[in-house]
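Asker: Below is the structure I would like to discuss, written out as structure tokens.
The values are calculated or read from the model by the stated rules, or taken from the named source; none is laboratory data. Nothing here was measured: the structure is a model prediction, and the numbers come from that model. Cβ atoms come from the backbone with ideal geometry, glycine included; neighbour counts cover every protein chain shown. In case anyone asks, the SASA skips ligands and DNA or RNA and just uses the protein heavy atoms, side chains included. Shrake-Rupley method; radii C 1.70, N 1.55, O 1.52, S 1.80 Å.
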Number of protein chains: 2
Amino acid sequence: MFRPEIKVIDCTVRDGGLMNKWQFDDTFVKQVYHALADAGVDYMEIGYLSSESAFDRKEVGPWRFCGEKDLQRIIGDSEKKIKLSAMADIGRIDYDDIPVRSEGSLDMIRVACYVHQIDKAAALAHHCMDKGYETTINLMAVSTVGPRDLEEGLNDLAKCRVPIIYLVDSFGAFYQEDIEVLAKMYMERMPEKTIGIHAHNNQQLAFANTISSIICGINYLDATLYGIGRGAGNCPLELLLSFLKNPKFQVRPLIKVIEEQILPWREKIDWGYFIPYMVSGVLNQHPRAAMACMESDKKNEVTEFYDQMTSAAAGI
Amino acid sequence: MFRPEIKVIDCTVRDGGLMNKWQFDDTFVKQVYHALADAGVDYMEIGYLSSESAFDRKEVGPWRFCGEKDLQRIIGDSEKKIKLSAMADIGRIDYDDIPVRSEGSLDMIRVACYVHQIDKAAALAHHCMDKGYETTINLMAVSTVGPRDLEEGLNDLAKCRVPIIYLVDSFGAFYQEDIEVLAKMYMERMPEKTIGIHAHNNQQLAFANTISSIICGINYLDATLYGIGRGAGNCPLELLLSFLKNPKFQVRPLIKVIEEQILPWREKIDWGYFIPYMVSGVLNQHPRAAMACMESDKKNEVTEFYDQMTSAAAGI
């Protein structure tokens, strides 16, 4: 039996774009858009919502901005086939640059923040709600937050108007038991909220932790095609839909778009299970050092990377 | 806290050899042997125990046989550093070709069988016990066995003298919940036995299912370096030891041997998460069709493979 409250959010373009500066061409984004709609996925997170002044379009692709013109190229002349989401980073989007929902094509804005930014995140999310959007706050890097700060943060989140709060394993450091403890804590501290999960795959646990989240009652589930995403990547969407066994989901469109659009990128960029990402996950570290290693000519010199990271973690 | 009863069995050479017909050179096997010993791994499964008449040494490497001369080349003149295991397939080893333990270098013989072969497996394992070996029976492909056959099989295993019985997810089809149900069933039906887990990674759940097994009280844990193994491979040993946090385990020797011996094989053979393996896991099918696809020039034509497999599974 499936649970009708479950919503699946694909982050292929948004999180995958962290690996190639959103240099996906329109054909890629269109095919993903149609495949997700055909598969019955609930939301497509198509990129970040940023002010044009925050980045240079010569350096990053359109999905760092998600301007209405960008969105229109993908949707085309037909009716929109799937709800669209964009992620907003605090400080990279001016309130005035956010259109009211009825004048644009986005349905949901998700505000990502660290625990010390909750007030700012709530203010931005409230602004988006007042403009008509569905909103979430995605509390990142929870694996590095101590119990007192987390308790205070969750209490603050409980008081805000945003209806959906995400548990984000930014570093791919959590085991299933961590998810169980945190899911319980989130639901107890924020009984009025819907909880979401966004997992990373450093320890090959993104899918497993998403399953554990479902069992714990978490209902908003992030995933990406073939797990594409920053560093080790995310929960693979094709695995998640196969697991959910909801008759509204179809796996075949995902397999097809993976063949046609994702596998060619697999030849160009490395996401997934690699020792540098494994090491940063085990050590509960930001993946930036592992990504730098993977992009260098020392990609396979994993013992040296391990030694550097364990020395740093030990404060040596 | 760790659980002292837990034993870790590395199957790198044995299960990895299914991907290259055991064409690992002695340098590879020696380095793995020393790394596993330095890492504190409890057993190294160095291959299959087969009669020389069962296979041709021109076609398969030495670790399809595990002759005493083969083992001696690896151990060298020093004292043996780690317990050695070999897997025996029913019908491929004559009883007379199994030396008594005190005359050879193997410590453990693991007998792999399907549910209809339990009597033969028990006979072979008892023979090995009588020759002084530690023994296990590894009941394969449990995901295809119905409840009545499984109940009967477990009752038969409960009656045999073999002290360790493995739960084997041959097709990588199980979710954590399956492991929980089966682990409970195995322990209830065979209260005198120690239970082991051997997981495959078709759905990126080999490590997660091994963690779930540990939580359920399973104490013999199979893994391989970087997950090398048939098809999607196995539970990655470096992840497992990082999780176990037993002070006797060291991860660094594993990272080093992965760099020096496993990554070069990664360029030559494809194990791990690929769509054909994902499809066969989701559909609970033997990986042979997925392996044939991966070895063909249609490796990336995953939609066609998906259509073939789903049609076959639907009996079309």
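Conditions (1) outside the structural domain of B:Ser280 (by TED's automatic domain parsing); (2) under 21 Å from A:Thr210 (Cβ atoms); (3) small (Gly, Ala, Ser); (4) open to solvent by 10 Å² or more (accessible area, probe 1.4 Å), marked per residue:
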site: B:Leu167; (1), (2), (3), (4): yes, no, no, no
site: B:Val181; (1), (2), (3), (4): yes, yes, no, yes
site: B:Met185; (1), (2), (3), (4): yes, no, no, yes
site: B:Ala199; (1), (2), (3), (4): yes, yes, yes, no
site: B:Ala206; (1), (2), (3), (4): yes, yes, yes, no
site: B:Asn209; (1), (2), (3), (4): yes, yes, no, no
site: B:Ser213; (1), (2), (3), (4): yes, yes, yes, no
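Asker: Considering only the stretch A:119-127, I want to know if a residue exists there that is of a type in the set (Asp, Glu) and modelled with pLDDT of 95 or more.
Answerer: Checking the stretch A:119-127: at least one residue is of a type in the set (Asp, Glu) and modelled with pLDDT of 95 or more.
Asker: Mind listing just one residue for me: the one in the stretch B:210-232 that is in contact with a strand residue (DSSP E or B) (Cβ under 8 Å, 6 or more places away or on another chain) and either of a type in the set (Asp, Glu) or facing another protein chain (nearest Cβ under 10 Å) (or both) and, of those, farthest from B:Leu139 (Cα to Cα)? Step through it out loud before you land on a result.
Answerer: In the first step, residues of the stretch B:210-232 are kept if they are in contact with a strand residue (DSSP E or B) (Cβ under 8 Å, 6 or more places away or on another chain); the result is B:210, B:213-214, B:217-232.
Now drop any that are not either of a type in the set (Asp, Glu) or facing another protein chain (nearest Cβ under 10 Å) (or both), which leaves B:222, B:226-227.
Numbers: B:Asp222: 14, B:Tyr226: 24, B:Gly227: 21 Å.
Among those residues, the one meeting the criterion is B:Tyr226.
Asker: Only one of these conditions is not met by A:Ala290: (1) away from every other protein chain (no Cβ under 12 Å); (2) surrounded by fewer than 20 Cβ atoms within 10 Å (Cβ to Cβ). Which number is it?
Answerer: Tallying (1) away from every other protein chain (no Cβ under 12 Å); (2) surrounded by fewer than 20 Cβ atoms within 10 Å (Cβ to Cβ), A:Ala290 fails exactly one: (2).
Asker: Continuing with this model, one more query. Could you look through the stretch B:165-201, keep only residues that are within 13 Å of B:Thr136 (Cα to Cα) and in contact (Cβ under 8 Å) with a residue 40 or more places away in the chain, and pick out the one that is farthest from the other protein chains (Cβ to nearest Cβ)? Reasoning before the result, please.
Answerer: At the first step, the residues of the stretch B:165-201 found to be within 13 Å of B:Thr136 (Cα to Cα) are B:165-168, B:193-198.
With in contact (Cβ under 8 Å) with a residue 40 or more places away in the chain added as a condition, the list becomes B:166-168, B:194, B:196, B:198.
Numbers: B:Tyr166: 21, B:Leu167: 17, B:Val168: 19, B:Thr194: 23, B:Gly196: 20, B:His198: 16 Å.
Top of the filtered list is B:Thr194.
Asker: Quick check on my filter: what residues within the stretch B:1-26 are in a helix (DSSP H, G or I) and either without any contact (Cβ under 8 Å) to a residue 40 or more places away in the chain or under 30 Å from B:Ala289 (Cα atoms) (or both)?
Answerer: B:Thr12, B:Val13, B:Arg14, B:Asp15, B:Gly16, B:Gly17, B:Leu18, B:Met19
Asker: Whether any residue in the stretch B:261-272 is over 22 Å from A:Asn202 (Cβ atoms) and free of Cβ contacts under 8 Å to residues at least 12 places away in the same chain is what I want to check.
Answerer: For the stretch B:261-272, residues over 22 Å from A:Asn202 (Cβ atoms) and free of Cβ contacts under 8 Å to residues at least 12 places away in the same chain: present.
Asker: I'd like to know if the stretch A:236-249 contains one or more residues that are open to solvent by 10 Å² or more (accessible area, probe 1.4 Å), more than 24 Å from A:Asn300 (Cβ to Cβ) and of a type in the set (D, E, K, R). Talk me through it step by step, then tell me what you get.
Answerer: First, the residues of the stretch A:236-249 that are open to solvent by 10 Å² or more (accessible area, probe 1.4 Å): A:242-249.
Remaining after also requiring more than 24 Å from A:Asn300 (Cβ to Cβ): A:242-249.
Subsequent filtering for residues that are of a type in the set (D, E, K, R) retains A:245, A:248.
Yes; the residues of the stretch A:236-249 include at least one that is open to solvent by 10 Å² or more (accessible area, probe 1.4 Å), more than 24 Å from A:Asn300 (Cβ to Cβ) and of a type in the set (D, E, K, R).
Asker: Of the conditions (1) polar (S, T, N, Q); (2) open to solvent by 80 Å² or more (accessible area, probe 1.4 Å); (3) within 22 Å of A:Phe28 (Cβ to Cβ); (4) touching a residue at least 12 places away in the same chain (Cβ under 8 Å), A:Ser105 satisfies every one except a single condition; which number is it?
Answerer: Unmet for A:Ser105, out of (1) polar (S, T, N, Q); (2) open to solvent by 80 Å² or more (accessible area, probe 1.4 Å); (3) within 22 Å of A:Phe28 (Cβ to Cβ); (4) touching a residue at least 12 places away in the same chain (Cβ under 8 Å): (2).
Asker: Continuing with the same structure: Kindly list the number of the only condition in (1) in contact with an Asp or Glu (Cβ under 9 Å, 6 or more places away or on another chain); (2) open to solvent by 10 Å² or more (accessible area, probe 1.4 Å); (3) of a type in the set (Asp, Glu) that fails for A:Glu152.
Answerer: Of (1) in contact with an Asp or Glu (Cβ under 9 Å, 6 or more places away or on another chain); (2) open to solvent by 10 Å² or more (accessible area, probe 1.4 Å); (3) of a type in the set (Asp, Glu), only one is false for A:Glu152: (1).
Asker: Restricting to the stretch A:122-149, count the residues that are surrounded by fewer than 20 Cβ atoms within 10 Å (Cβ to Cβ) and among the hydroxyl-bearing types (Ser, Thr, Tyr).
Answerer: Summing the residues that are surrounded by fewer than 20 Cβ atoms within 10 Å (Cβ to Cβ) and among the hydroxyl-bearing types (Ser, Thr, Tyr) in the stretch A:122-149 gives 2.
Asker: Quick one: how many residues across the stretch B:293-303 are within 13 Å of another protein chain (Cβ to nearest Cβ), open to solvent by less than 50 Å² (accessible area, probe 1.4 Å) and not aliphatic (A, V, I, L, M)?
Answerer: 2
Asker: I've got another one for you. When the residues of the stretch B:43-58 are filtered to those that are in a loop (DSSP other than H, G, I, E, B) and of a type outside the set (Asp, Glu), which remaining residue is most open to solvent (accessible area, probe 1.4 Å)?
Answerer: We begin by selecting, within the stretch B:43-58, every residue in a loop (DSSP other than H, G, I, E, B); these are B:49-51, B:55-58.
This time we only want the ones that are of a type outside the set (Asp, Glu), so: B:49-51, B:55, B:57-58.
Values: B:Leu49: 10, B:Ser50: 9, B:Ser51: 4, B:Phe55: 55, B:Arg57: 103, B:Lys58: 183 Å².
Among residues in the stretch B:43-58 that are in a loop (DSSP other than H, G, I, E, B) and of a type outside the set (Asp, Glu), the one most open to solvent (accessible area, probe 1.4 Å) is B:Lys58.
Asker: While we're on this one: Residues in the stretch A:29-42: is at least one at pLDDT below 95, in the same structural domain as A:Asn246 (by TED's automatic domain parsing) and not in a loop (DSSP other than H, G, I, E, B)? Talk me through it step by step, then tell me what you get.
Answerer: Step one: filter the stretch A:29-42 for residues at pLDDT below 95, giving none.
Checking the stretch A:29-42: not a single residue is at pLDDT below 95, in the same structural domain as A:Asn246 (by TED's automatic domain parsing) and not in a loop (DSSP other than H, G, I, E, B).
Asker: Counting just the residues of the stretch B:258-282 that are more than 9 Å from chain A (Cβ to nearest Cβ) and assigned to a loop (DSSP other than H, G, I, E, B), which one comes out least open to solvent (accessible area, probe 1.4 Å)?
Answerer: Residue satisfying both the conditions and the ranking: B:Trp271.
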